[in-house]
Amino acid sequence: MGDVGCSTRAYSASDPSSQAEREIPTPLCQNNMKNIFKIQTIQSYVHLVTEPYYKEHANIFVLEGINTDFVIDTGIGFANLREFLVSKGFGPFKIFLTHSHYDHIGGARHFTQKEVWAAERTIQRMRGEKYLGLQYLREKDFKKEIVKNFWNMTPKKLCDTWTSPKRVKKKTAQTIKVEPYEFKIIHVPGHTDDSYALYETKKKILITGDALYNGKPYTELLNSDRGAWVGSLGRMENLEWNIIFPGHNNVMRKEEAKQMITNWTSILRDQVFMS
């Protein structure tokens, strides 16, 4: 993976602030985002955006389409993701949110409702603070100097400004078409009951959100279900994919991902047995 300068298809648009939710707080240096966002090329026309100033940052994937770029998850959202992507030549946008946790949905507030899609269950969970995973939004996970230089505040005060996006469009169909991609939307409960994966059959891509990544599974959440998670892992394993784009950490090829599924299945089954 290497740093990328811009999309292969240039796009120019002003921030639709009259339609999108306003950014809170206002940064001191709006044009200096090099420490706020990092963008890398994963494979042709697929890019990974991260927020390196936050230790527990989620992955944001941008897939270049023919006329529209497809974005999966939007990060924690303190800085304006839409503005950053436009500055790199991306857009227009369609966004899908894999589940309702704060570190995946926060940046959706910088986009308009017509740009952001989520399943009905995810939208319901976004309306209830107890389902957002905010117990993991901790000041110790932020780089203090970057926060101070960019927003002129402490990480604690920055955390206090986080709000759940309100303008999200319900996705009722079982597929998402953003040419040349056509993703099947697959309900994969376990990490949360509103977790969804995206499966592209022709390109053999599986986007898992937090249903699978290289790390340990978090099972102590209010709407986690270890038994359901084991079933979801089995369904994902049975699909024909060559690469997984996860919600956190590194992109996984088949061999690594299969081993992670085996490890997680064992962990979750042991926890079910012990409970």
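The values are calculated or read from the model by the stated rules, or taken from the named source; none is laboratory data. Treat the numbers as computed from the prediction; the structure is a model and nothing was measured. All Cβ positions, even for glycine, are placed from backbone atoms using ideal geometry, and neighbour counts span all protein chains on display.
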* Asked: Does Glu182 satisfy the condition of being under 20 Å from Asp73 (Cα atoms) and free of Cβ contacts under 8 Å to residues at least 24 places away in the same chain?
  -> yes
Okay, strands (runs of 3 or more DSSP E) sitting entirely in the stretch 152-219 with 2 or more residues that are buried (at least 19 other Cβ atoms within 10 Å of the Cβ), I get 181-187, 196-200, 205-209
Checked the stretch 60-88 for anything part of a loop (DSSP other than H, G, I, E, B), closer than 17 Å to Val116 by Cβ and either touching a strand residue (DSSP E or B) at 6+ places or on another chain (Cβ under 7 Å) or polar (S, T, N, Q) (or both); matches are Gly65, Thr68, Asp73, Thr74, Gly75, Ile76, Asn80
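It is to be established whether one or more residues within the stretch 251-263 are hydroxyl-bearing (Ser, Thr, Tyr), modelled with pLDDT of 95 or more and surrounded by 15 or more Cβ atoms within 10 Å (Cβ to Cβ). Step through it out loud before you land on a result.
Filtering the stretch 251-263 down to residues hydroxyl-bearing (Ser, Thr, Tyr) leaves 262.
Filter again for modelled with pLDDT of 95 or more, leaving 262.
With the extra rule that they be surrounded by 15 or more Cβ atoms within 10 Å (Cβ to Cβ), the set shrinks to none.
No, because not a single residue in the stretch 251-263 is hydroxyl-bearing (Ser, Thr, Tyr), modelled with pLDDT of 95 or more and surrounded by 15 or more Cβ atoms within 10 Å (Cβ to Cβ).
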Whether any residue in the stretch 138-145 is touching a strand residue (DSSP E or B) at 6+ places or on another chain (Cβ under 7 Å), outside any loop (DSSP other than H, G, I, E, B) and not hydroxyl-bearing (Ser, Thr, Tyr) is what I want to check. yes
Flagged in the stretch 86-112 as under 16 Å from Ile176 (Cβ atoms) and not aliphatic (A, V, I, L, M), in numbering order, are Pro92, Phe93, Lys94, Phe96, Thr98, His99, Phe111
Going through the stretch 151-175 in order, the residues found to be at pLDDT below 95 and among the basic types (Lys, Arg) are Lys166, Arg167, Lys169, Lys170, Lys171
Taking the stretch 91-108 and keeping only residues that are in a loop (DSSP other than H, G, I, E, B) and surrounded by 24 or more Cβ atoms within 10 Å (Cβ to Cβ), one is left with Leu97, Thr98, His99, Ser100, His101
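One line per residue, one yes/no per condition, for (1) of a type in the set (Phe, Trp, Tyr); (2) farther than 27 Å from Ser224 by Cβ:
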{"residue": "Gly128", "(1), (2)": "no, no"}
{"residue": "Gly133", "(1), (2)": "no, no"}
{"residue": "Glu139", "(1), (2)": "no, no"}
{"residue": "Glu145", "(1), (2)": "no, yes"}
{"residue": "Lys148", "(1), (2)": "no, yes"}
{"residue": "Lys169", "(1), (2)": "no, no"}
{"residue": "Glu182", "(1), (2)": "no, yes"}
{"residue": "Ile185", "(1), (2)": "no, no"}
{"residue": "Tyr196", "(1), (2)": "yes, no"}
